[in-house]
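Worksheet for the structure shown next.
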Amino acid sequence: MRYILQHLKNRSATLSAIAFISIFSLETVSCQASDISDHSSLVDEVAVAVPTKQGQTALFHPLSPSDASRIRTAFADQSAGNFRQADVLLKQLKDNSLTGTVLAERCIHTSYACATPMLEDWLVHYQDLPSAPMMRALLESRTDLPANTSTRSPATAPVSGNGTSGDTINAADAQNLYIQGHDQVVLSKAMPTSVLRDVSGKVAFYAGLSAWRLGKMQQAQLLFALAANADNGSRDLRSAASWWAGRVSGHTGNTKDALRWLVQSARCKDCFYGVLARHALNKNGAQMYDAGVPTVVDVSAVSARPAGHRALALLQVGRVDLAEAELRTDWVSAENTNARQSIGLIAHAVGDAAETSDAAASRAGTSKLVPGHTIDLPQHFTPRGGFVVDPALIYGIVSIESRFQPTVVSRSGARGLMQLMPRTAANFVGGQKEDLSNPSINLQVGQRYLMALARDGQINNHLIRLLASYAVGHTAVAHWNASEHSNNESLAFLEAIPNPRIRNWIETVLLHSWMYSEKLNRRPISLDLLAEGKKANLPLESETSLQ
């Protein structure tokens, strides 16, 4: 898996973790469906304005206790594959505002085969929901396919050993052809049969990247959406595909769908692309509101909107991720400044609520950029002569290469904190023999090496290429055909790196560097740029300093 490990053992993301935050609080009304009796009808007649501690604003609980219990159970039932039982509960609802949300979760995040009529009906009634782009993509994938073809059932026709059979292709060869720059070949062999045979979503993902590089945005959008919906797609692949689908939407001017796709990607909070998506959403969120506390007027205004009603209902049943998606999407379509301000304040509060679920762990150093993870900085080692390169990136490399052990020597002879080969190191100290087990000398030489790579004409200060060269050597990267096809596309190049171990190394170094940026109170400039799909350069100390 390409998302980082080291989960905190005591992490628990429950609704009770959101029960009290600095802006507002929620109190859960516990009610199991099996315990609901006739005397509950009086309680079910009204929505509840939940009281809070003095000086704080209350949120409404729009669902009755029995409806809230049914929705929670319906989500759980269909996650377990009990679709009929979920349908029974949905039919019993008095407030059906979350029916579309539950059904979308079924089509997108379970193995349930949503039929074409169901998708068409859903889009007629629920096209304003955040999941609409994914549901639309599912429908389009059916209307673009030959008759009697299912996107949920892989074909059983054999594929030859090299992964191709006539006009078909498998996941490994789709990736290899993308790496080699044969984008048109990938597209012609992937659509439509191969895309549907591969339930991992990888064929659709690499075909989507090929379509992106060819400038075929309509095909790219459909392919990334299919990958994001893949039955057996991994968490990181779904997150990556959703991020790329959002990028295509943004490129074509569909801001609303771009935001919805980013929200989908960000649901994998510890995936590489999920971190990028969450950062992009938070940066957009900074434009959604002025700093402040939502008032009763804000809560009332938001609760009167259909999306706001759904968001508060989702908070009530513990689905903070879906509530945040509703609010962020509604902000884009809000009709005036006052509405956007109220929505933005509540959305910001909901985001803060999600992060308080690990409040105790946060006090112990848990990252906000990568929720649920922590990173140690055993010693503040400093290069001889001081930092020129961003110290967070230096420490990110050190954390992987040597785990901050100054005297470690690899089997190949690489030495010290940044695991430098003596022959390479000599090029940056005037040919002198230096003690690479000395932390300050090792960091000085490693820093000079990074700066030399940045100046190289083939690398052209391209951070992803630079890190790849640091990991496997400049010569190997220079021979990768992908270098000639991805231009300055940082993440397209990352996906074109042929060695999965190196891709994982680069992602982990970057994730660690961003967490060190938090710890050192520095600007994560490479995260800012990559989250926007831009080229990231080697970050310098002067650029990341917040002093």
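Quick rundown of the values:
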quantity	calculated
Cβ pairs under 9 Å, 6+ apart, first in the stretch 227-238 and within 19 Å of LEU276 (Cα to Cα) and modelled with pLDDT of 90 or more, second surrounded by fewer than 24 Cβ atoms within 10 Å (Cβ to Cβ) and of a type in the set (Phe, Trp, Tyr)	ARG235/TYR3; ASP236/TYR3
Count of residues meeting criterion [among the small types (Gly, Ala, Ser), under 23 Å from CYS114 (Cβ atoms) and either modelled with pLDDT of 95 or more or crowded, with 24+ Cβ neighbours inside 10 Å (or both)] in the stretch 172-219	6
Scope the stretch 461-485; condition free of Cβ contacts under 8 Å to residues at least 12 places away in the same chain and on the phi > 0 side of the Ramachandran plot; matching residues	GLY473
Residues of the stretch 504-531 classified as within 15 Å of SER399 (Cα to Cα) and outside any helix (DSSP H, G or I), total	0
Residues that are surrounded by fewer than 21 Cβ atoms within 10 Å (Cβ to Cβ) and either among the β-branched types (Val, Ile, Thr) or over 16 Å from MET451 (Cβ atoms) (or both), drawn from the stretch 526-547	ASP528, LEU529, GLU532, GLY533, LYS534, LYS535, SER545, LEU546, GLN547
Scan of the stretch 245-258 for residues that are in contact (Cβ under 8 Å) with a residue 60 or more places away in the chain and within 17 Å of ALA207 (Cβ to Cβ), ordered by number	ALA245, ARG247
Hits in the stretch 323-373 (condition: β-branched (Val, Ile, Thr), more than 22 Å from GLY253 (Cα to Cα) and either modelled with pLDDT of 70 or more or not in a helix (DSSP H, G or I) (or both))	ILE343, ILE346, VAL350, THR366, VAL370
Any helices (runs of 4 or more DSSP H) falling wholly within the stretch 27-144 and containing at least 2 residues that are more than 25 Å from the chain's Cα centre (by Cα) and at pLDDT below 90	41-44, 132-143
Test: GLY274 is in contact with a Ser or Thr (Cβ under 8 Å, 6 or more places away or on another chain), free of Cβ contacts under 8 Å to residues at least 40 places away in the same chain and surrounded by 24 or more Cβ atoms within 10 Å (Cβ to Cβ)	no
Qualifying helices (runs of 4 or more DSSP H) (wholly inside the stretch 391-475; at least 3 residues being in contact with a Pro (Cβ under 6 Å, 6 or more places away or on another chain))	439-455
Failed item in (1) buried (at least 20 other Cβ atoms within 10 Å of the Cβ); (2) closer than 27 Å to SER367 by Cβ; (3) at pLDDT 95 or above, with ALA492 passing the rest	(3)
Test result for THR508, buried (at least 16 other Cβ atoms within 10 Å of the Cβ), in contact with a Pro (Cβ under 9 Å, 6 or more places away or on another chain) and in contact (Cβ under 8 Å) with a residue 24 or more places away in the chain	no
Where ARG267 falls short, out of the listed (1) crowded, with 23+ Cβ neighbours inside 10 Å; (2) at pLDDT below 90	(1)
Members of the stretch 234-246 found to be within 20 Å of SER490 (Cβ to Cβ) and buried (at least 22 other Cβ atoms within 10 Å of the Cβ), listed by number	LEU237, SER239, ALA240, ALA241, SER242, TRP243, TRP244, ALA245, GLY246
The stretch 496-541: number of residues that are acidic (Asp, Glu) and at pLDDT 95 or above	3
Residues satisfying the stated conditions in the stretch 170-210, i.e. assigned to a loop (DSSP other than H, G, I, E, B) and closer than 18 Å to ASN232 by Cβ	ASN170, ASP198, VAL199, SER200, GLY201
PRO383 assigned to a loop (DSSP other than H, G, I, E, B), surrounded by 15 or more Cβ atoms within 10 Å (Cβ to Cβ) and out of contact with any strand residue (DSSP E or B) (no Cβ under 6 Å at 6 or more places or on another chain)	yes
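To keep it simple, each residue is scored yes or no on (1) touching a Gly at 6+ places or on another chain (Cβ under 7 Å); (2) hydrophobic (A, V, I, L, M, F, W, C); (3) within 18 Å of ALA258 (Cα to Cα).
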residue: HIS309; (1), (2), (3): no, no, no
residue: ALA313; (1), (2), (3): no, yes, no
residue: VAL317; (1), (2), (3): no, yes, no
residue: GLU324; (1), (2), (3): yes, no, yes
residue: ASP330; (1), (2), (3): yes, no, yes
residue: GLU335; (1), (2), (3): no, no, no
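The values are calculated or read from the model by the stated rules, or taken from the named source; none is laboratory data. Since this is a predicted model, take the numbers as computed values, not measurements. Cβ atoms come from the backbone with ideal geometry, glycine included; neighbour counts cover every protein chain shown.
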